[in-house]
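Read the structure below first, then the notes.
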Amino acid sequence: MNVRLVRRRRSKAAADWPSPWRRASGEMADKENSELERFLREVDEITNLVEEFKSDDPAIREKAFQKADEKLERGSSGADIVEGCKTKLNCTLINPNPSCSGPPQPPNLPGQYRMDSNVMNQDDFLTVLARDAETRGKRRKKNQKLANALKEKGNAAFKKGDYATAVQYYTDGLEKLRDFQVLYTNRAQAYIKLGKYEEAISDCEWALKCNENCIKAYVHMGKANLSLKKYEEAQQCYQKILEIDPNQEKLVKEYMNLLELAQKKEQQEKEVVEEFERGNVNTTTAHEVLKKLSSPNKIPYFYLGGVRFLTELMKEGTEQTLFRTNNGFSIISDNEILRRSLTSSVKEPCEVELCVAVLVLWQAVCHGNEENQRLLITSGTSEQLLDLLSCKESEIYTECITLLSSYLLSEYGKGLLLCNLNLTRLMQILLGFLNCTDTIASTAMGILANLVPENKFKKYCRNDFAVNVLPSFEILLKNLNLVNKQVFPQCISIIGSFATDKAISGQIAGREEYWESCLAAVDEAISSVPETDYRETLYALLGLMVNFSMEQCCTIQAKAPAITERCISLLGSADGGILTRATGLLSHMLPQSAEAVEKALKSEIVKKMLRFIKVGGMTTTRYAVKNLAVCSSHSKHACEEIVKCDKKLSGLRKLLSSDDELVVGNAALCLSHCFEIPGAATSLLKSDIVRVLLKHAGGDAKQNGLQQNAAIALGKLCLAESR
């Protein structure tokens, strides 16, 4: 109803009446209009509330509920008498259990619900509410299922790189369920891939309306703002992530680094323009040289001179940026002669010179310049670099190693290598440099030492490590006399770092060729004269074998006797480090094989382990007492040897006071075996063995095995000697 229209009609009719009547009529009309306007305002408010209840935005719906509650509270304070009208407007409270004392109401027909001027049929109203809630719940559940299915289809399309299709699936899902937060963030990610940054930001804002603490929304919003060069907004997004979850510091740091790099890149390119406009000699010259290098059909030495001259100009960030902004990388890759020098498998001498010159130029261009590093490694040269790294010409692979090493000077550069290189092939190639000079071998291992500890590297290698990487390492082990003795221990440590990855560790431990190669290397080291030649290699190799022997597999069980023989031969070494690791490896082998235990007992291992307990360090003692526990559980003869050599079992009893629960537990287990030997328990009558075992059996040790072994030892002690 249009209030203005009513007023115009009433004003026109009143104009024909006498003035006194017109005044009275005007007053009445104003009063009626006032009441009408008030009534219409009420209708508008209620209509708006109904519309807001239907809104897809949770925030708007919540605000509508608050307004409705406030309206009900105002109405419940009493009847509001509208001036000039006898009708009272009351706030009716719905009683879910209405009294039956009132007059009966005729039932409404299905779908027809009547509301009289003063009385509302409460039962019908509640029925409507219940049916509506049930219908909405069923519809939402159905839509949730459909939206989830569309989300999965969108995710599959995203993984294939079909971002437009992914957007369509996510959009279809949102039509089914408007408050599905994940669909907004997923679509935002797809929009970013398509370069639609404003749309991505809008989706992130909707996701935040669904969940104000949605970290993914702030991540994608930050990326989109960064791409739009809205650096301040991007920074605010990343800082918001930390406010929500302080544990995301590492993630935020990575994004903040990318933000700083983008700002740095923009500043560099701005400076290049300024320098060029001012006529900077180096800038102008570099620009002219790049033009000449783009000229086709010149002799190789023309390009060789140009590349070398250009390298000399790359002394500052301005020249590096100019190289990038003037398509320097494309000029190199598009030039047929330069490209052939990089890609040909068999190179002429001039091609070798030209290839080396280009690699040196790339070093100069990329040194300390993250954006140039990114462009080089992502412009299709990643496989090319690995090809050059594996070529026969020492000048080429030397410069290639130097180039890759320059990436490791920053975390960003390291990340570029991890994300863009074939890491399995890289490791395979770098292992081949262990027969080179100290400098090349050391640099190659330095690259691996920086990359291998990263989870991304291990994850990349999981599927084919045993097939593509391990054979190269096995060849080195079998030809120990040909590898670089100074650097090979570092290589062994690098392989050992894969022990923390269960998938790769299992592959290595289950490979028979690996253990055969290790045994061959141990034999070579043992037979070397002087022994110190391979001391560091042997020490590292024993540590490697200890790490991978913790896996339980048939291959280790089969190799346990042979490995035990090597360990026993090393127990006579004068080197404490070698003794400790040989004892540790032995403690992993003996539980795997009864044959290994027999070999150890024949070599008088009991006496050697008792000596280590008395004079060895904590690590050696831990290994030694475990070996005694294993031997005593397998052989009565071993128990007799312990009782004979360890007077009153003093050495083992002393271990019961150790702070190391593993040592205490194995000592108690070994004692329980020895108490079965006649006279062993009797010799302890005047000792405090009962009190000590009771303490451990009833204590609060972290290791349950300790309490159990102490209780067993105490029981056997009481059976053997009732006193």
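The values are calculated or read from the model by the stated rules, or taken from the named source; none is laboratory data. Given the structure is predicted, the values throughout are model-derived calculations rather than measurements. Neighbour counts run over all protein chains shown; Cβ positions are idealised from the backbone, glycine included.
Hand me the list of helices (runs of 4 or more DSSP H) wholly inside the range 166-262 holding 1 or more residues that are over 28 Å from residue 146 (Cβ atoms).
Correct list: 197-210, 215-227, 231-244.
Considering only helices (runs of 4 or more DSSP H) fully contained in the range 450-501, which possess at least 3 residues that are closer than 18 Å to residue 515 by Cβ and touching a residue at least 40 places away in the same chain (Cβ under 8 Å)?
470-478, 488-496
Residues of the range 326-353 being in a helix (DSSP H, G or I), touching a residue at least 40 places away in the same chain (Cβ under 8 Å) and in contact with an Asp or Glu (Cβ under 9 Å, 6 or more places away or on another chain), which ones?
Across the range 326-353, the qualifying residues are 341, 342, 343, 352, 353.
Criterion first (in contact (Cβ under 8 Å) with a residue 40 or more places away in the chain and either more than 28 Å from residue 266 (Cα to Cα) or charged (D, E, K, R) (or both)) does residue 179 satisfy it?
yes
Would a scan of the range 370-379 turn up a residue that is touching a residue at least 60 places away in the same chain (Cβ under 8 Å) and either closer than 26 Å to residue 411 by Cβ or crowded, with 18+ Cβ neighbours inside 10 Å (or both)?
Yes, because at least one residue in the range 370-379 is touching a residue at least 60 places away in the same chain (Cβ under 8 Å) and either closer than 26 Å to residue 411 by Cβ or crowded, with 18+ Cβ neighbours inside 10 Å (or both).
Which of the residues spanning the range 377-387 are touching a Ser or Thr at 6+ places or on another chain (Cβ under 9 Å) and in a helix (DSSP H, G or I)?
384, 387
What do you reckon, is residue 323 assigned to a helix (DSSP H, G or I), aromatic (Phe, Trp, Tyr), modelled with pLDDT of 85 or more and closer than 30 Å to residue 232 by Cα? Reasoning before the result, please.
Details: assigned to a helix (DSSP H, G or I): yes; aromatic (Phe, Trp, Tyr): yes; modelled with pLDDT of 85 or more: yes; closer than 30 Å to residue 232 by Cα: yes.
Taking the combined requirement at face value, the residue satisfies it.
Which residues, counting only those in the range 666-682, are surrounded by 14 or more Cβ atoms within 10 Å (Cβ to Cβ) and in a helix (DSSP H, G or I)?
Of all residues in the range 666-682, those surrounded by 14 or more Cβ atoms within 10 Å (Cβ to Cβ) come to 666-677, 680-681.
Residues satisfying the conditions are 666, 667, 668, 669, 670, 671, 672, 673, 674.
One line per residue, one yes/no per condition, for (1) crowded, with 23+ Cβ neighbours inside 10 Å; (2) touching a strand residue (DSSP E or B) at 6+ places or on another chain (Cβ under 7 Å); (3) charged (D, E, K, R):
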site: 166; (1), (2), (3): yes, no, no
site: 186; (1), (2), (3): yes, no, no
site: 191; (1), (2), (3): yes, no, no
site: 211; (1), (2), (3): no, no, no
site: 226; (1), (2), (3): yes, no, no
site: 229; (1), (2), (3): no, no, yes
